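Worksheet: one structure, shown below.
Any read-out appearing in this document is the output of simple, stated calculations on the displayed coordinates, not a laboratory observation. Computed from a predicted model, the values in this text were never measured in an experiment. Glycine also receives a Cβ, built like all others from the backbone with ideal geometry; neighbour counts cover every protein chain displayed.
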Amino acid sequence: MSGPISLTHNKYYSWCRDNLFSSWINGIITILSIYFIYEVSSFILNWTIFEADFVTNFRGERIIDRTFCSKNIEPGQHGACWAIIIVRFHQFIYGFYPVEEAWRVNLVYGLLPFALVGIFFDNLPFRKYFIYFTFLFPFIGYFLLYGGIGLDAVGTSKWGGLLVTLFLGVTGILLAFPLSIILALGRRSKMPVIKTICVIFIEFIRGVPLITLLFTANVMLPLFLPEGVRPDNLLRALVGVTLFQSAYMAEAIRGGLQAIPKGQLEAAQSLGLTYWQSTRKIILPQALKISIPPIVNTCIGLFKDTSLVLIIGLFDLLGVGRAAVADIDWAKLHYEVYVFISLIFFIFCFLMSRYSLYLEKKLKTDNSN
Amino acid sequence: MSNSFLRRLIFDEKIRSLVIQTLLIGIFAIIIYIVTQQTAYNLEKRGIGTGFGFLNMSAGYDISIKLIPYTSDSTHFRAYLVGLINTLLIAVCGCFLATILGFLVGIIRLSSNWLFRNIAYVYVEFTRNVPVLLQIILYYTILLYLPKIKQALVIFDIFYITNRGIYSPAPIFKDGFSIVAWSFVIAIISTIFLKKYLKKKQEQTGNQYPIFYINSALIIFTPIIFYYIMGMPLDFNHPVLKGFNFKGGMVIRPEFMGMLLGLTIYTAAFISETVRSGIMSVSKGQREASQALGLKNNLVLRLIVIPQALRVIIPPLTSQYLNLTKNSSLGIAIGYADLVHGFGGISLNQTGKAIEIMSMVMVTYLTISLTISLFMNIYNKAVQFKGNA
């Protein structure tokens, strides 16, 4: 702000000068950046929208397989052929779920936000009822998805796409949460046996890749169990994912526990509360509150990592995508499929990371007064 | 009597915790006993023996990427070694490149130029919110759409870029090259002593010496001089197109490149965030104070900001290295012959020794993880505050 005062010294001018043209080098960088952005965005826009096929190709014909895609007819055409996504949309969102039963999945998708909103926002009106619904939701969801009383049973082998991704992500996180609290408390326990067990479990899980855990759950679980018991593939993956997530979440919660001053526990005990009373009423509410942002970060990681189940033969979003790419009728449309899947993952993960940032900000202001 | 014993059981903390722990050990022992019995029964039923004898049997499959000699006649243990080396190779290369890219992007994110730093921001948000597996598959697909062997992209008549890999000349070391290599090592060691000596002299006399330039010259020119003295003991074996494939030279396979690109680009986004927050954690006063002392901008960065930022950066950087190493196990999705793909996949399917092989793979990863943690902790101790804490 040390420049000479001139007539052009308005808000926009000074912003541009400070942020884009503060020096010679900065000016050159700005111009190169503009060129770069222009090139990249024009390429992306042309490919995804302006030159792309959606339902019909450039001749106006309806696209029923890859030979109808504009880029496969005309050498000059380079745009994306989104018809593969449109034709296979059901598979991406529901997997092999029967078409006439898809409303059940839709209902679960529709109810999911109501089940989660109570956990996410503590200043919500009627929050108590939302929380009740959260606890009820797993049973409603199970009944709707799997079937039962009055509804046709749909086996998990027919589930796929976004359904499997969300199922593994949400269920894995929900199941891992209580387990991770036990592990985090156990790791800080004064009893050496409990402490050792928890430390070994957490460090072991965190030291090996998720894919080895999934392999283990997939190959070894049937070896450990009696002959009649054959957990289906989705359940095996869920076991692996839950154990994995619980170890990482436990570390996030341990961070929160460590941040609580010792005086809190001592004060609670001097009031005559037992270990469990003080933990449940004094320590955990405070510790969980600070550890929510890191917990959300581990959840983002897990949501992305659910894509690994394709390696053990499950059809999650990416698995369905790979199947779509391998289909002869639609072969070689890799980029369309992968870009579409990336976008879905991006939207979920980006929203979660924004939420985590919002919480961090809120926490800062909460603590300052 | 029994009443007071029960009371003590419940209200005496020491006895209570003893009882709980004994019970827990007992329960665990029972569970482990039942599971082992069941597993032994299941294995016997399926006709699968136990033990590590299979390691000495012939593996019977080939591996495309190998740094040590390996044929399909080699043993499963050899396959394990090949996989382990490939895992370490991709992990080391990935960590190295991700660190460079991550630091670069992290510094760009702090640039005073609004456009420039937001390009970096978009890169970070897009890469870290998309699964690394998806990225690996995507980059691998792009590499497979490179020109075919016959229409290879040629760069300077040296590199051939094809959909089967990047071909480059392979060095052939002749007699006397080891002397050149040793001169390089000795040059590096001598720079360390020279630096100490010149620092000491600077403290005594106050004269500054261009340490950086002297040392760079020493490291660059010593091997070159020895190279010519020994009569240029280095030759190159150029790749030549013969029939349908290149003969000779070196090749970087698309599986390796795909893994490297995926791991590097993904992890660099996370590293850039830790670098950014590390640099931001150094208070503004530090920078202003050093500028007030008359230090130039690059010296402020090198002597004041980065040493303090490193204290904050190293611990999260360690966990990023660990993540990258663990993510290198995703090679199986695109056929990169790492530990999980070859030994944990094909060997497991052939022998059926799930328990032995998976435990070997897991113990190996645990060892790698612990080793990285150990070295990074040593480095972390070295950069932390010393003395008055």
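Look at the alpha carbon pairs under 8 Å that are at least 6 residues apart: their mean separation over the length of chain A gives a relative contact order of 16 percent.
If only the Cβ of Lys and Arg carry +1 and only the Cβ of Asp and Glu carry -1, the dipole of the protein assembly as shown around its Cα centre is close to 2340 debye. The phi-based Karplus calculation (6.51 cos²θ - 1.76 cosθ + 1.60; θ = phi - 60°) puts the 3J(HN,Hα) values of segment B:250-266 at 10, 9, 9, 6, x, 4, 5, 4, x, 4, 4, 4, x, 5, 5, 5, 5 Hz, whole numbers, x for Gly and Pro.
Couplings for segment A:307-316, taken from phi via the Karplus curve 6.51 cos²θ - 1.76 cosθ + 1.60 with θ = phi - 60°, read 5, 5, 5, 4, 5, 9, x, 8, 9, 7 Hz in order; Gly and Pro are left as x. Using the Karplus relation 6.51 cos²θ - 1.76 cosθ + 1.60 with θ = phi - 60°, the per-residue 3J(HN,Hα) values for segment B:49-60 come to x, 10, x, 9, x, 4, 4, 8, 8, 5, 6, x Hz, with x marking Gly and Pro.
Only lysines eight or more places from residue A:304 in sequence, or on another chain, were considered; those with a Cα closer than 29 Å are A:158, A:289, A:332, A:361, A:362, A:364, B:326. Less than 5 angstrom separates the built amide H of residue B:162 from those of B:167, all sequence-distant by 5 or more or on a different chain.
Within a straight-line Cα-Cα reach of under 19 Å, residue A:190 can be paired with the following lysines, leaving aside sequence neighbours fewer than 8 residues apart in one chain: A:262, B:14. Look at the stretch B:138-147: the mean tally of other chain Cβ atoms within 10 Å of its residues' Cβ atoms is 2. Distances between placed amide hydrogens fall under 5 Å for residue B:236 paired with B:172, all partners being 5 or more residues away or on another chain. Each Lys and Arg contributes +1 and each Asp and Glu -1, all at the Cβ; summed about the Cα centre of segment B:85-168, the dipole is approximately 100 debye. A cut-off of 5 Å between modelled amide H atoms, ignoring neighbours fewer than 5 places along the same chain, links residue B:241 with B:247.
What are the membrane-span-like helices in chain A by this rule: whole DSSP H runs, Cα extent along the axis at least 27 Å, mean Kyte-Doolittle hydropathy at least 0.0? Helices meeting the span and hydropathy rule in chain A are A:24-45, A:102-120, A:127-146, A:162-187, A:233-259, A:284-305, A:334-368. Hydrodynamic analysis of segment A:160-368 uses the Kirkwood radius over alpha carbon pairs. Inserted into Stokes-Einstein at 20 °C and 1.002 mPa s, it gives a translational diffusion coefficient of 112 µm²/s.
Counting neighbouring Cβ atoms within 10 Å and putting the fewest first, the residues B:329, A:342, A:23 line up as A:23, A:342, B:329.
Annotation: the antiparallel percentage among DSSP beta bridges lying fully within the protein assembly as shown is about 90. Length gained on full extension, residue B:151 to residue B:303, computed as 0.36 nm times the residue gap minus the Cα-Cα distance: 49.7 nm.
For segment A:84-216, the Cβ-based charge dipole about the Cα centre amounts to some 580 debye (Lys, Arg positive; Asp, Glu negative; other atoms uncharged). Take every Cα-Cα pair in the protein assembly as shown and report what % of them are more than 44 Å apart. Pairs farther apart than 44 Å: 38 percent. Look at the alpha carbon pairs under 8 Å that are at least 6 residues apart: their mean separation over the length of chain B gives a relative contact order of 22 percent. Using the Cβ-Cβ distance between residue A:18 and residue B:209 with R0 = 41 Å, the FRET efficiency computed as 1/(1 + (r/R0)^6) comes to roughly 0.60.
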